[in-house]
Amino acid sequence: MAGRINDEDVKAVRGAVPIDTVVSEYLQLRNAGGGNLKGLCPFHDEKSPSFHVSPAKGLFHCFGCQEGGDTLDFVMRVDHLSFSEAVERLAGQAGITLRYEEGGYGRASQQGERTRLVDAHKAAAQFYAEQLQGAEAETGRRFLTERGFDQSAAEHFGIGYAPAGWDHLVRFLRGKGFSDKELTASGLAQEARNGRPIDRFRGRLMWPIRDITGDVVGFGARKLRDDDNGPKYLNTPETAIYHKSQVLYGIDLAKKDIAKGNRAVVVEGYTDVMACHLAGVTTAIATSGTSFGEGHIKILRRLLMDNSGSEVIFTFDGDAAGQKAALRAFEDDQKFAARTSIAITPQGMDPCELRIAEGDEAVAKVVEGRSPLFEFAIRSIVGQHNLDTAEGRSAALEQAAPVVAQIKDPSIQHEYAVRLAGLLGILDTQFVVRRLGQLARRRAANPSAPRAGTHAPGSTPAGAGSGNAAPSAAARGAGPALNLRSPAHRVERELLKLALQRPELVAPAFDAYETDEFTAPPYAAVREAVEAAGGVTGADDEFVARVRAAAPDDTVRALVHELVVEPLRSARGREPDEMYAGMQLVAVRLAAVNARIADLESSARRLEAQRDDERSAAVRQEIWTLTQYGRSLQERGAAAL
């Protein structure tokens, strides 16, 4: 069993790699104001960004699904790692050597399973790359040369060669300290009839398949010899780190340009990705041994921020198989907010063949000459019918009309309705437009139910600074449902945000506030956690971490995450200052004073009804004192605190 990682090393790892650097490996982040960032949540489907990151505090929180935490929490959840595996991954990035309580520094036997499998793949990729330079790999080098890829291209994409022997890689990895169990679990080896592990890939050209962070998690292997009875391409089987429905070949190289240019180009194979990148189309990616599906869509949506200005371009051969694949891609169009287009390569050539035949410019020209996927789908459907007959035109209309009715933009939908009438040769254009309108209204009246936790485009995530949003799960779990439209609750939330994000602005006054001045139970719990962490007056770089540790449960801890990453509501986007902080301090204190006055007024009236003059007079005196204090707060502001 792995030893416990030294606490000081864990603390060092937490602070070594900025959270925005880690999160940016998985999704595109944009400015959210107040020094915070936002993007599409990787933990649930959504159309509008509700995932917020605070680089200054090292925390994230999603206002849609309530996931939150620090850098380690993010890595654990996004990659399904254990705590120790997450620490080991970040330690590797930061160059920190970990100490384990059972002794030793970073011993291989103590690393988590995922880390070990990734390390095995990294070593295997290096092994295969070195083998590509050997005499046996001549056929592999010739294969690459014939397709226009020189040595620098092979090095850029990490191409390698698997020797034809039975256990070359197995013996190499054993020498690196990997067990036979780890080799079979990684998919790099398989059991022979005698029960011993042998290389899974033999005599093949090897493409390392990397996840979005750049870790090698699998391989695609192309056969080179006629006596190889296996499939043309052999991929890594499903393992703990490789799921073909959740990886895109080339995503590690393309992700920055995809996010920067709001465009992704989906091609069909490894050599097509290489050809596109070398031709300047650096946003090209491909699936690995499976069709483009739901898991791949989620990856692209996070990188594209799923806005209507982004675009996904599918490239397919112009033959029948390519058309079928394009229509299959069209079925996923509604899962993107991005525009979807199709680029058909000429004469049945794939991008790799096109680059060989006509050069880099031809590849770029095909991508730039793409057409909307809707138009391709409509033309494909219409082309299946005999338009010389009334029956054929009617059948084509009934089959194509639902496709046009799916178009999101009403103006574009109308244009395609007119275009469809022209394609069908129907002179009564308005008849086609009306038919499309009927289908569109039917779709609008009975839309498919949205996924839990999704937001309509442009909507504000719950609690994300609007003040009017529905309460979070954290708030609901720690007490009665909050009415965030209540000015009292809204200002309490803002004051707690200031205490956590800008403690110097509310110190030392905040520390004198009693817990009962926060009328919402979850906010009162956070106030108690702040006090237990030493208060805002003594806030330092570890302040938020102490507040998190002092939270009584995960519900309150999640609310702390919310308050740390949610933008402050200072007027007109200005940076919050002492004046703004003073307004929040006064508002919370004044609300508490007024609430106390109301309670005392009720008590005084009951005592007066009972003719208890002595006690009622004492209560009236307290009411007068509080009333004077309230007036002072209104007139003098924070100076009266």
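A short reminder: the numbers here are calculations on the coordinates, not readings from a lab. These numbers come from a predicted model, not from an experiment. Cβ sites come from the backbone with ideal geometry, for glycine too, and all protein chains shown count toward neighbours.
Between amide H atoms placed 1.01 Å from N, distances below 5 Å from PHE219 occur with ILE209, THR236, all of them 5 or more places distant or on a separate chain. Computed from backbone phi, the HN-Hα couplings of segment 513-523 come to 6, 7, 4, 6, 6, 9, 6, 7, x, x, 5 Hz, rounded to whole numbers (Karplus: 6.51 cos²θ - 1.76 cosθ + 1.60, θ = phi - 60°; Gly and Pro given as x).
For LYS176, LYS47, what ranking results if the residue with the fewest other Cβ atoms within 10 Å of its Cβ goes first? Walk me through the numbers before you get to the answer.
On the way: LYS176 13, LYS47 19.
Ranking LYS176, LYS47 by Cβ neighbours within 10 Å, fewest first, gives LYS176, LYS47.
How high is the relative contact order of the chain? Use alpha-carbon pairs under 8 Å, at least six apart in sequence, and give a whole percent. Before the final figure, lay out the partial values.
Details: 1034 pairs, mean separation 72.9, N = 641.
Across the chain, relative contact order equals 11 percent.
Close amide H partners of LYS47, meaning residues 5 or more places away or on another chain with modelled amide H under 5 Å apart, are HIS455. For the pair GLU136 and HIS243, a Förster radius of 41 Å applied to the C-beta separation gives a FRET efficiency near 0.80, rounded to the nearest 0.05. Spacing of the modelled spin labels on GLN384 and ALA595, each 7 Å from Cα toward Cβ, amounts to 6.4 nm. Of LEU117, VAL216, GLN634, which is farthest towards the positive pole of the chain's charge dipole, taken about the Cα centre with +1 and -1 on the beta-carbons of Lys, Arg and Asp, Glu respectively? Of the options given, the answer is GLN634. Rounded to 0.05, the FRET efficiency of the ARG193 and GLU146 pair, given R0 = 41 Å and the Cβ-Cβ distance, is 0.65.
Among LYS11, LYS244, LYS255, the ranking by other beta carbons within 10 Å of each residue's beta carbon, starting with the fewest, stands as LYS11, LYS244, LYS255. In this simple spin-label approximation, GLN634 and SER602 carry label points 7 Å from Cα along the Cα→Cβ vector, and these lie 2.2 nm apart. Size of segment 170-282: Rg and Dmax of its alpha carbons, in Å, are 16.2, 53. The length gained by stretching the chain between ARG620 and LYS232 to full extension, at 0.36 nm per residue less their Cα-Cα distance, is 130.5 nm.
Annotation: Cα Rg of segment 138-236 relative to the compact-globule expectation 2.2 N^0.38 Å equals 1.12.
Taking amide H as placed 1.01 Å from N in the peptide plane, TYR161 has its amide H under 5 Å from the amide H of ALA129, GLN131, LEU132, MET206, each at least 5 places away in sequence or on another chain.
Identify which of the listed values of semi-axes √(5λ) of the Cα gyration tensor in Å was calculated from the structure shown: [x] 36, 31, 27; [y] 54, 27, 21; [z] 56, 38, 18. Only one listed value fits the structure, namely [z]. Note on the chain: with charges restricted to the Cβ of Lys and Arg (+1) and Asp and Glu (-1), its dipole about the Cα centre is near 1060 debye.
The modelled label-to-label distance between ALA507 and ASP7, using points 7 Å beyond Cα along the C-beta direction, is 2.3 nm. Bridges between two residues of the chain, per DSSP, are antiparallel at a rate of about 70%. Cross-link reach is defined here as a Cα-Cα straight distance under 18 Å, omitting same-chain residues fewer than 8 places apart; for LYS223 the lysines meeting it are LYS232. Other residues whose C-beta falls under 13 angstrom from the C-beta of LYS365 contribute a net charge of -2, scoring Lys and Arg +1 and Asp and Glu -1. Computed from backbone phi, the HN-Hα couplings of segment 163-170 come to x, 6, x, 7, 9, 4, 5, 4 Hz, rounded to whole numbers (Karplus: 6.51 cos²θ - 1.76 cosθ + 1.60, θ = phi - 60°; Gly and Pro given as x). The ranking of TYR161, TYR416 from fewest to most other beta carbons within 10 Å of each one's beta carbon is TYR416, TYR161.
Please go through segment 230-294 and write out the GluC sites (Glu not before Pro) that DSSP classes as loop and that have at most 12 other C-beta atoms within 10 Å.
GLU238
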